[in-house]
Amino acid sequence: MNTCILGIESSCDDTSVAILKNHKILSNIVCSQDVHVRFGGVVPELASRDHLKNIIPTIDAALKTANISLAEINAIATTRGPGLMGSLLVGISAAKSLSLALNVPLIEVNHIQAHLLAHFIEDAEFKGNLKFPFIGLIVSGGHTQLLKVTDYFQYELLGETLDDAAGEALDKGAKLLGLSFPGGPIIDKLALTGNPKKFYFPKSKVQDLHFSFSGIKTALMYFIEKNIKEDKNFIQNNLEDICASYQHTIASMLIDGLQQAIKETDIKNIAIAGGVSANSYLRKLLTQFQKETNADIHILPLKYCTDNAAMIAMVGYFKYQEKIFSDISITPITRWEGFLNK
């Protein structure tokens with residue numbers, strides 16, 4: 001029997017709606033916001049206003065692209081958190097309205113869990129072949145976590161960042177260099193013509209499988225201050241090499257974490273997820289790491305790395321199969337750490 005899930009993602013500054021039929025994504029519409037660029041970061045109030053403007057047209061576009069009517073939808077899945085309060089509220093409100101109007105279940109989804117389970121998505125160009133158990137590395141603008149995953153809803157937290165996330169360190173580093181927002185992709189692009197070994201930045205040393213990225217951001221700040229005293233054009237003359245070296249250190253720290261996780265768990269099945277998994281240099285290091293260790297590394301297509309509703313619909317499908325439904329009274333959770341449980 002076919003199961004159609006309509007997924008809604010609005011946790012930050014992308015309004016996205018997807019239609020999933022069983023494991024297959026029929027549409028995945030993402031409406032991005034450019035209003036935040038001039039502010040150097042996401043402005044929550046502006047984000048929620050744009051979500052309000054975009055949510056209905058995006059739902060309509062997703063249904064038309066999938067050639068699916070509302071009458072065929074079996075459940076509505078929506079991001080409940082973590083994320084920005086106002087942004088989440090728009091998506092949840094739309095989901096509640098559809099759930100009530102169509103008399104179908106409402107399913108809440110943890111945004112971070114969805115990034116990981118995106119590996120089970122199928123579409124015309126991608127069919128994930130990830131098997132349990134595996135080590136999941138979630139690396140995004142707000143989260144960096146290592147998990148041992150034995151089933152769709154069975155996780156063991158191995159390690160996480162103790163301060164800044166990897167993506168946050170990239171964005172903040174870009175700001176220190178006077179680059180635009182979002183900074184991570186800009187650093188990635190500039191680093192393509194830079195030397196990743198030109199400048200040295202220290203790796204933070206923490207216990208167990210945890211990460212820390214605030215130190216490298218501070219190191220970059222002092223590095224810039226020191227060198228511009230000697231040469232006011234230092235950043236301009238060395239920008240590509242600085243970006244490459246800074247990015248190299250952050251990506252290497254992630255690889256080190258994976259290496260230690262494999263050693264401790266004896267699991268060589270690896271899944272990478274989250275926005276930073278789109279970083280070209282990290283993907284290059286992962287390819288090298290796979291050859292050196294014979295690990296089976298799974299990396300998502302770029303369209304499923306950043307925020308999207310396809311991953312929300314995928315989790316919604318798995319929850320629908322187990323009849324894990326949500327009450328209509330649910331409210332946004334801006335900091336949600338509970339996805340390790342159903």
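Read-outs throughout are calculated quantities, based only on the coordinates presented, and are distinct from any laboratory measurement. This is a predicted model, so every value here is computed, not measured. A quick note on method: Cβ atoms are made from the backbone with ideal geometry, for glycine too, and the neighbour counts reach across all protein chains shown.
Considering the chain as a Gaussian network with a 10 Å cut-off on Cα pairs, which listed residue, A77, A18, A101, attains the greatest mean-square fluctuation? Of A77, A18, A101, the Gaussian network model singles out A101 as fluctuating most.
Semi-axes of the equivalent ellipsoid for segment 6-140, please: Cα gyration tensor eigenvalues, times 5, square-rooted, ordered largest first, whole Å. Could the numbers behind the result be given before it?
Details: eigenvalues 107, 83, 40 Å².
Each semi-axis is √(5λ); the values are 23, 20, 14 Å.
Rounded to the nearest 500, what is the 222 nm mean residue ellipticity of the chain from helices alone, with -39500 (n - 2.57) per DSSP H run of 4+ residues and division by all residues?
-14000 deg cm²/dmol
Computed from backbone phi with θ = phi - 60° and the Karplus coefficients 6.51, -1.76 and 1.60, the 3J(HN,Hα) list for segment 279-292 is 5, 5, 6, 4, 5, 5, 5, 5, 5, 5, 4, 5, 5, 6 Hz; x is used for glycine and proline.
Could you give the length gained on full extension between R49 and T65, defined as 0.36 nm per residue of separation minus the Cα-Cα distance, in nm?
Values: separation 16, 0.36 × 16 = 5.76 nm, distance 2.48 nm.
Length difference between fully extended and current span is 3.3 nm.
Extents of segment 272-341, taken as max minus min of Cα coordinates on every principal axis and listed largest first, are 49, 24, 22 Å.
Note on segment 158-272: Kirkwood radius taken over Cα pairs, Stokes-Einstein applied at 4 °C and 1.567 mPa s, translational D equal to 87 µm² s⁻¹. Cross-link pairs exceeding 27 Å between alpha carbons, from the set K96/K148; K148/K319; K148/K197; K205/K319: K96/K148; K148/K197; K205/K319.
Expressed in nm to one decimal, what extension gain is obtained for the pair T193 and N294 from 0.36 nm per residue of sequence separation less their Cα-Cα distance? Let's see the in-between values first.
On the way: separation 101, 0.36 × 101 = 36.36 nm, distance 2.90 nm.
Fully extending the segment from T193 to N294 adds 33.5 nm.
Between the listed residues L98, F120, P57, the Cα displaced farthest toward the positive end of the dipole of segment 57-128, a dipole computed from Cβ unit charges relative to the Cα centre, is found at L98. The antiparallel fraction among DSSP beta bridges confined to the chain stands at about 60%. Pairs of C-alpha atoms in the chain farther apart than 36 Å represent 21 percent of all such pairs. Rounded if a/c is under 1.5, else prolate if a/b beats b/c, else oblate: with a ≥ b ≥ c from the C-alpha gyration tensor eigenvalues square-rooted, which is segment 165-207? Cα axes put segment 165-207 in the oblate bin. Taking E72, E45, E292 in turn, the Gaussian network model of the chain (Cα-Cα springs below 10 Å) assigns the largest fluctuation to E292.
Taking the Cβ-Cβ separation of N103 and I235 as r and a Förster radius of 56 Å, what is the calculated FRET efficiency to the nearest 0.05? Don't skip to the answer; put the middle values down first.
Details: r = 59 Å, r/R0 = 1.05.
Computed FRET efficiency for N103 and I235: 0.45.
Over segment 226-342, all Cα pairs binned in 5 Å intervals from 0 give whole-percent P(r) values of 2, 8, 12, 15, 14, 14, 12, 9, 7, 4, 2, 1, 0, listed from short to long. Which of the aspartates and glutamates could a cross-linker bridge to K203, judged by Cα under 15 Å and excluding same-chain residues fewer than eight apart? Partners within reach: D163, D164, D256. Net charge dipole, the chain: roughly 300 debye, given to the nearest 20, about the Cα centre with Cβ charges of +1 for Lys and Arg and -1 for Asp and Glu. Applying a threshold of 26 Å to the alpha-carbon distances of K172/K284; K24/K303; K127/K217 flags K127/K217 as lying beyond it.
Entry for segment 103-181 at q = 0.20, 0.23, 0.27 Å⁻¹: log10 I(q)/I(0) = -0.97, -1.08, -1.24, Debye formula applied to identical alpha-carbon scatterers, no solvent contribution.
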